[in-house]
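Nothing in this text is a laboratory measurement; each read-out follows from the coordinates by a stated rule. Since this is a predicted model, take the numbers as computed values, not measurements. Neighbour counts are summed over all protein chains in view; Cβ atoms, including those assigned to glycine, are modelled from backbone coordinates with ideal geometry.
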Amino acid sequence: MVDPMDRIARARDGLDRAAQPFERAAARRETVTAADTSGQVTVRMAADGTIEDILVERGWTARLDPEELGSAVLEAFSNAGLTGAQEWGRAVAEAASEPAPPTRPLPSTHDSVYAQLSEVASPEALAGRSEASLRAMVEILSAVRADLDRVSAEAEALGARRLVGEAQGARVTLTGTGALIGADVDPDWAATTDPANLGARLMGAYRDARRQARERAVDDLVAESSIGELQRLTADPHALADRLRLT
């Protein structure tokens, strides 16, 4: 008869080996650049999908009407995202074709919650699992379960937001997840403005929208919920022992 724990260990090892190529591919991701069809607007995008720079070529008005500049920015952003996705796919394929990685060892048992609790609570308290401790555990887990749907719904609402950032003559619109979905430039202002200033103002508007997104993020929702409380408790054995009435 196969030992169930042995099956669990083999499954864990398989998952670890399967995850490593994706981790190596993620570590190799780099900044990408892409331009619009006219070649007059270039977007430089970081590996995490955020825009690092928007460049407008000198003489761009020979290829684009001022009213078309915003659309060119959107196209360059879309092309940069596509380039990043293609490079990610190639990186994953390369990592997957490399020799199979060794299985990484399990974390030290000293890092487990139980091991850390044993350093701050008496063996009798841990072994006894008093009724009060069990009730406290049920309270924590019940609160987490109750918060899951609420936090998920609020996170979805955050992602659905439309955030408008503005700088002189330029306005950009982002989704709550940071995707660029709108770029508007005053055509009269753009036609008489140095291209370097055009890019700088577009980046200023983009940063303004990103700042708004950071004012309320998914991490904040989690931190304010019972899920965040559980994360903090598991990182602090003294607080967890107190919460479980083990001290």
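First check a/c for the stretch 1-104, with a ≥ b ≥ c the square roots of the eigenvalues of its C-alpha gyration tensor; if it is under 1.5, answer rounded, and if not, answer prolate when a/b is larger than b/c or oblate otherwise.
prolate
How long, wide and thick is the chain, going by the Cα atoms along their three principal axes, in whole angstroms, largest first?
Projected onto the principal axes, the Cα atoms of the chain cover 81, 43, 27 Å.
Pop the C-beta distance of Asp194 and Arg17 into the FRET formula with R0 = 51 Å and round what comes out to the nearest 0.05.
According to the calculation, E is roughly 0.40.
Taking the Kirkwood radius as the inverse of the mean 1/r across Cα pairs, report the Rg/Rh of the stretch 176-247.
Across the stretch 176-247, the Cα-based Rg/Rh ratio is 1.39.
Could you go through the stretch 11-19 in sequence order and give the Karplus-derived ³J(HN,Hα) for each residue, using 6.51 cos²θ - 1.76 cosθ + 1.60 with θ = phi - 60°, rounded to whole Hz, and x for Gly and Pro?
5, 4, 5, x, 5, 5, 5, 5, 6
Below 10 angstrom from the Cβ of Pro21, what's the summed charge of the other residues (Lys, Arg +1; Asp, Glu -1)?
Counting the neighbours of Pro21, the net charge comes to -1.
Can you run phi through the Karplus equation (6.51, -1.76, 1.60; θ = phi - 60°) for the stretch 30-47 and list ³J(HN,Hα) in whole Hz, with x for Gly and Pro?
10, 5, 10, 10, 7, 10, 7, 4, 6, x, 9, 10, 10, 10, 9, 10, 6, 4
Sort Ile54, Ile181 so the one with the fewest other Cβ atoms within 10 Å of its own Cβ comes first.
Lowest to highest Cβ neighbour count: Ile181, Ile54.
For the chain, what does the helix formula give at 222 nm: sum of -39500 (n - 2.57) over DSSP H segments with n ≥ 4, over the residue count, nearest 500 deg cm²/dmol?
After summing the helix terms and dividing by residue count, I get -19000 deg cm²/dmol.
Based only on Cα atoms, what Rg/Rh ratio does the stretch 134-225 have, Rh being taken as Kirkwood's radius?
1.27
Report ³J(HN,Hα) in whole Hz for each residue of the stretch 202-217, in order, from the Karplus equation J = 6.51 cos²θ - 1.76 cosθ + 1.60 where θ = phi - 60°; Gly and Pro get x.
Going residue by residue, I get 4, 5, x, 5, 4, 5, 4, 5, 4, 4, 4, 5, 6, 5, 8, 10 Hz, with x marking Gly and Pro.
Say each of Val92 and Arg24 gets a label point 7 Å from the Cα, pointing the same way as Cα to Cβ; how far apart are those two points in nm?
Computed distance between label sites Val92 and Arg24 equals 1.6 nm.
If you put +1 on each Lys and Arg Cβ and -1 on each Asp and Glu Cβ, how big is the dipole of the chain around its Cα centre, in Debye rounded to 20?
Using Cβ point charges on Lys, Arg, Asp and Glu, the chain gives about 500 debye.
With springs only between Cα atoms under 10 Å apart, run a GNM on the chain and tell me which of Leu221, Leu202, Leu134 wobbles the most.
Maximum among the listed residues: Leu134.
When a footprinting reagent is the concern and you count Cβ atoms within 10 Å, what order do Ser225, Ser142 take, fewest first?
Neighbour counts put them in this order, fewest first: Ser142, Ser225.
Report the label-to-label distance for Ser142 and Ala157 in nanometres (one decimal), using points 7 Å from each Cα along the Cα→Cβ vector.
Distance between the two pseudo-spin positions: 2.5 nm.
What number comes out for the charge environment of Leu74, summing +1 per Lys or Arg and -1 per Asp or Glu over other residues with Cβ under 11 Å away?
Taking every Cβ under 11 Å from that of Leu74, the sum is -4.
If I model a spin label as a point 7 Å beyond the Cα along the Cα-Cβ vector, how far apart are those points for Arg211 and Ala235 in nm?
2.7 nm
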